[in-house]
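Step one of this worksheet: look at the structure below.
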Amino acid sequence: MPFLASRLDRIKPSPTLAVTQKARELKTAGRDVIGLGAGEPDFDTPDNIKAAAVAAIRRGETKYTDVDGTPALKQAIVAKFRRENGLSYTPDQVTVGSGGKQVIYNAMMATLDPGDEVIIPAPYWVSYPDMVLLADGRPVSVACRENSRFKLRPEALEAAITAKTKWLILNSPSNPTGAAYTFAEMKALTDVLMRHPQVRVLTDDMYEHLVYDGFRFVTPVEVEPGLYDRTLTMNGVSKAYCMTGWRIGYAAGPKDLIKAIAKVQSQSTSNPSSISQAAAVEALNGPQDFIAAHNAVFKERRDLVVEMLNAAPGLACHRPEGAFYVYPSCAGAIGKTTPQGRTIASDDDFVTYLLEAEGVAAVQGSAFGLSPFFRVSYATSTELLREACARIQRACAALI
Ligand SMILES: Cc1ncc(COP(=O)(O)O)c(C=O)c1O
């Protein structure tokens with residue numbers, strides 16, 4: 001009898017965390033490596049948020065809290081949804097977990113039975129399919145090509161829906177492409193969903209605040225209030241508030257689903273850190289002006305990276321609406337040979353070549369379900385990005 005459970009054979013360790021780890025190891029071993037794999041802002045958590053955490057410790061808020069969030073944080077989340085998205089929820093429609101990742105995982109554990117299908121537009125955040133698999137569901141990946149700016153088309157959604165479809169997972173702005181849906185694009189999708197009442201929507205709005213050039217973010221229920229009773233609107237403080245290490249994510253939706261998510265959490269991790277919850281209250285209720293300041297820097301970096309990558313022979317890079325990623329095509333490098341005599345047959349080969357030849361760590365498109373591309377995170381300093389893109393240009397020019 002094998003010791004490890006067979007369910008582990010269905011999944012792989014997170015490839016994005018693996019790249020970050022590999023870059024760290026090479027750096028420790030003395031190699032000059034620039035990591036473009038990180039999914040977190042390089043900015044520090046704002047001081048007012050840190051101070052709120054310290055104050056919570058001093059007040060003695062260091063004990064267990066309610067399993068799925070303190071009343072104060074739930075109130076702050078209710079206010080956030082009303083203020084920013086025009087959505088009306090009560091505290092018992094809100095759940096808080098240790099990161100957005102846990103909220104999605106719990107939602108899958110709480111709702112999927114063997115054979116239930118979950119539609120996941122590709123390229124996707126690496127964890128969605130594996131979470132579905134761990135919960136005994138069946139991920140149904142729908143390719144969203146470059147010519148639709150990596151966005152799900154209504155006819156592709158319609159074609160993917162079956163009697164077994166339980167969820168559609170939407171992520172806008174997207175990790176890994178940065179693509180975000182306009183109101184009209186989202187409405188075209190919600191129109192399809194209105195024709196299929198058995199399909200629930202999990203909308204991952206984690207990158208809501210990271211949009212550029214005046215882009216207006218929308219979330220499905222805001223566009224189609226008719227979806228209110230079957231949508232889980234997920235968000236968190238990790239990205240916009242530079243709080244990846246604090247581990248707070250949240251969601252709002254129908255009461256029965258919220259209760260089921262709390263049940264899973266009550267038998268696994270219990271409440272998220274009491275101190276992080278106090279910090280998240282300050283993040284949501286406190287000053288928001290630093291977000292615009294960060295976005296100005298991110299936009300500048302996005303434009304720099306897009307220009308420099310488009311100047312690299314064999315690469316083609318779109319200019320996305322948001323997040324801090326670009327997803328360039330390396331189709332023009334496939335079939336070429338490296339100066340060391342190795343053929344580039346896939347995006348896996350391409351990123352391995354970038355790392356070995358020039359010490360640049362990016363993530364292969366195969367990890368996100370759409371090849372031949374690679375993901376570059378521009379959540380790193382402008383000088384490092386400039387240097388990394390110059391190295392990528394050099395590596396591409398050296399291919400024969
Ligand atoms: C699309 C997307 N959703 C969810 C998460 C999870 O965020 P958290 O750090 O809150 O668990 C991430 C983090 O990388 C992400 O990129």
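The values are calculated or read from the model by the stated rules, or taken from the named source; none is laboratory data. As the structure is a prediction and not an experimental result, all values here were calculated from the model. Neighbour counts are summed over all protein chains in view; Cβ atoms, including those assigned to glycine, are modelled from backbone coordinates with ideal geometry.
So the values come out like this:
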{"quantity": "Within segment 332-372, considering residues that are more than 18 Å from GLY37 (Cβ to Cβ) and among the charged types (D, E, K, R), the one surrounded by the most Cβ atoms within 10 Å (Cβ to Cβ)", "calculated": "LYS336"}
{"quantity": "Qualifying residue in segment 203-210 (condition: over 29 Å from THR65 (Cα atoms) and within 13 Å of the ligand (Cβ to nearest atom))", "calculated": "yes"}
{"quantity": "Test: residue in segment 159-172 that is within 16 Å of the ligand (Cβ to nearest atom), among the hydrophobic types (A, V, I, L, M, F, W, C) and out of contact with any strand residue (DSSP E or B) (no Cβ under 7 Å at 6 or more places or on another chain)", "calculated": "no"}
{"quantity": "Residue within segment 97-112 that is part of a loop (DSSP other than H, G, I, E, B), within 19 Å of GLN198 (Cα to Cα) and at pLDDT 95 or above present", "calculated": "yes"}
{"quantity": "Verdict on PHE298 being assigned to a loop (DSSP other than H, G, I, E, B), within 16 Å of the ligand (Cβ to nearest atom) and aromatic (Phe, Trp, Tyr)", "calculated": "no"}
{"quantity": "Hits in segment 92-132 (condition: of a type in the set (D, E, K, R), touching a residue at least 40 places away in the same chain (Cβ under 8 Å) and away from the ligand (no atom under 15 Å from the Cβ))", "calculated": "ASP92, ASP116, GLU117"}
{"quantity": "Yes/no for ALA184 being among the hydrophobic types (A, V, I, L, M, F, W, C) and within 20 Å of LEU87 (Cβ to Cβ)", "calculated": "yes"}
{"quantity": "Considering residues of segment 173-230 that are at positive phi and small (Gly, Ala, Ser) only, the residue nearest to the chain's Cα centre (by Cα)", "calculated": "GLY178"}
{"quantity": "Residue pairs meeting the criteria (Cβ under 9 Å; at least 6 apart or on separate chains; first farther than 16 Å from ALA179 by Cβ, in segment 285-310; second loosely packed, with under 15 Cβ neighbours inside 10 Å and of a type in the set (Ser, Thr, Tyr))", "calculated": "VAL297/THR382; GLU300/THR382; ARG301/SER381; ARG301/THR382; LEU304/THR382"}
{"quantity": "Any hit, segment 272-283, residues being in contact (Cβ under 8 Å) with a residue 40 or more places away in the chain, under 30 Å from GLU185 (Cβ atoms) and surrounded by fewer than 23 Cβ atoms within 10 Å (Cβ to Cβ)", "calculated": "no"}
{"quantity": "Residue under evaluation ALA251, criteria (1) in contact with a helix residue (DSSP H, G or I) (Cβ under 7 Å, 6 or more places away or on another chain); (2) surrounded by fewer than 22 Cβ atoms within 10 Å (Cβ to Cβ), criterion not met", "calculated": "(2)"}
{"quantity": "Cross-chain or 6+ apart pairs with Cβ under 6 Å, segment 194-210 first and more than 12 Å from PRO220 (Cβ to Cβ), then acidic (Asp, Glu) and assigned to a helix (DSSP H, G or I)", "calculated": "none"}
{"quantity": "Failed criterion for ARG145 (all others in (1) farther than 30 Å from GLN75 by Cα; (2) within 14 Å of the ligand (Cβ to nearest atom) hold)", "calculated": "(2)"}
